[in-house]
Amino acid sequence: QVQLVESGGGLVQAGGSLRLSCAASGRTWSRYTMGWFRQAPGKERETVAVISWSGGNTYYADSVKGRFTISRDNAKNTVYLQMNSLKPEDTAVYYCGAKFSRWSVAADEYDSWGQGTQVTVSS
């Protein structure tokens, strides 16, 4: 397993931008598929974006395509989520997740999680 720490959340007006960061520790971190997930009050955790260990494959939920970009810097053990054109419905706690090796976009297959960071978008 790896240890994950998210940062970068906050309060922003609709149409604004935020960049989330997830710092990871662990010798084999670069072998992990990484994902960003979010959970709004009263809703289930949903997959927002996923990136493969090489960065060559990415996945985005339909609701964020064209607005969010996931990236990773394996030299810095960090994965990012650039969020542009934010909407009030993007308000949620955002979690970073890690899954060793094999690709998956299903949250229940991820075995390491950060503590979460709150993103609030005001209208």
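Consider segment 104-119 and keep the residues that are out of contact with any Asp or Glu (no Cβ under 9 Å at 6 or more places or on another chain), touching a residue at least 24 places away in the same chain (Cβ under 8 Å) and not in a loop (DSSP other than H, G, I, E, B). The one that is least open to solvent (accessible area, probe 1.4 Å) is 112.
Would you check if residue 60 is closer than 20 Å to residue 103 by Cα and without any contact (Cβ under 8 Å) to a residue 40 or more places away in the chain? Criteria met by residue 60. From the set of residues in segment 2-48 that are in contact (Cβ under 8 Å) with a residue 24 or more places away in the chain and on the phi > 0 side of the Ramachandran plot, which is surrounded by the fewest Cβ atoms within 10 Å (Cβ to Cβ)? Among residues in segment 2-48 that are in contact (Cβ under 8 Å) with a residue 24 or more places away in the chain and on the phi > 0 side of the Ramachandran plot, the one surrounded by the fewest Cβ atoms within 10 Å (Cβ to Cβ) is 15. Restricting attention to segment 3-32, the residues that are of a type outside the set (A, V, I, L, M) and under 26 Å from residue 89 (Cα atoms) total 12.
Taking the criterion of being small (Gly, Ala, Ser), at pLDDT below 95 and assigned to a loop (DSSP other than H, G, I, E, B), the only residue of segment 1-39 that qualifies is 26. Restricting to segment 83-103, give me the number of residues that are modelled with pLDDT of 95 or more and either in a loop (DSSP other than H, G, I, E, B) or surrounded by fewer than 16 Cβ atoms within 10 Å (Cβ to Cβ) (or both). Going through segment 83-103 one residue at a time, the tally reaches 7.
For segment 63-82, taking the residues that are touching a residue at least 60 places away in the same chain (Cβ under 8 Å) and either within 18 Å of residue 11 (Cβ to Cβ) or outside any strand (DSSP E or B) (or both), the one that is most open to solvent (accessible area, probe 1.4 Å) is identified as 82.
The values are calculated or read from the model by the stated rules, or taken from the named source; none is laboratory data. Please read all numbers here as calculations on a predicted model, not as lab measurements. Neighbour counts are summed over all protein chains in view; Cβ atoms, including those assigned to glycine, are modelled from backbone coordinates with ideal geometry. The protein model used for the area step is the full one, side chains on, heavy atoms only, and it has no ligands, DNA or RNA in it. Shrake-Rupley method; radii C 1.70, N 1.55, O 1.52, S 1.80 Å.
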